[in-house]
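A short worksheet on the structure shown next.
The values are calculated or read from the model by the stated rules, or taken from the named source; none is laboratory data. What you see is a predicted model, and the numbers here were worked out from it, not measured in a lab. Here Cβ is always computed from backbone atoms with ideal geometry, including for glycine, and neighbour counts include all displayed protein chains. Remember, those area values only see protein heavy atoms, side chains included, never the ligands or the DNA or RNA. Shrake-Rupley method; radii C 1.70, N 1.55, O 1.52, S 1.80 Å.
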Amino acid sequence: SVQILDYTYADLSRSSNRFANVLKQLNVSKGERVFSLLGRVPDLYIAALGTLKNTSVFCPLFSQFGPEPIWQRLQRGDAKVLV
């Protein structure tokens, strides 16, 4: 079954702030790349906004690429974090 979740702007702000703080704790700094393999779920948008709040670069990946193409993109993109 499909679960429907409602997020307010305040919820989104709070969650993305928390994600930005996690990135800071991981020493992800300005301009460093945060890659994501998330589908279209709320966590994708929280990660994207949190990454931008941390002044890092958000790089979405498509999970259908397969392991080798994903690994190549992570290496070439100088990934700091994979979500």
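Overall, the accessible surface of the chain at a probe of 1.4 angstrom is composed of carbon and sulfur to the extent of 55 percent. Averaged over its residues, the chain has an accessible area of 72 Å² per residue, based on protein heavy atoms and a 1.4 Å probe. Which value in nm describes the separation of the simple spin-label points at Arg40 and Gln64, placed 7 Å from the Cα toward the beta carbon? Once both label points are built, they end up 1.3 nm from each other. Computed from point charges on the beta carbon alone (+1 for Lys and Arg, -1 for Asp and Glu), the dipole magnitude for the chain about its Cα centre is near 260 Debye. Summarising the amide proton neighbourhood of Ser56: residues at separation of 5 or more, or on other chains, whose placed amide H is nearer than 5 Å comprise Gly31. Normalised by 2.2 N^0.38 Å, where N counts its residues, the alpha-carbon radius of gyration of the chain equals 1.14. Estimated purely from DSSP H runs of n ≥ 4, each contributing -39500 (n - 2.57), the mean residue ellipticity at 222 nm for the chain is -15000 deg cm²/dmol once divided by its residues.
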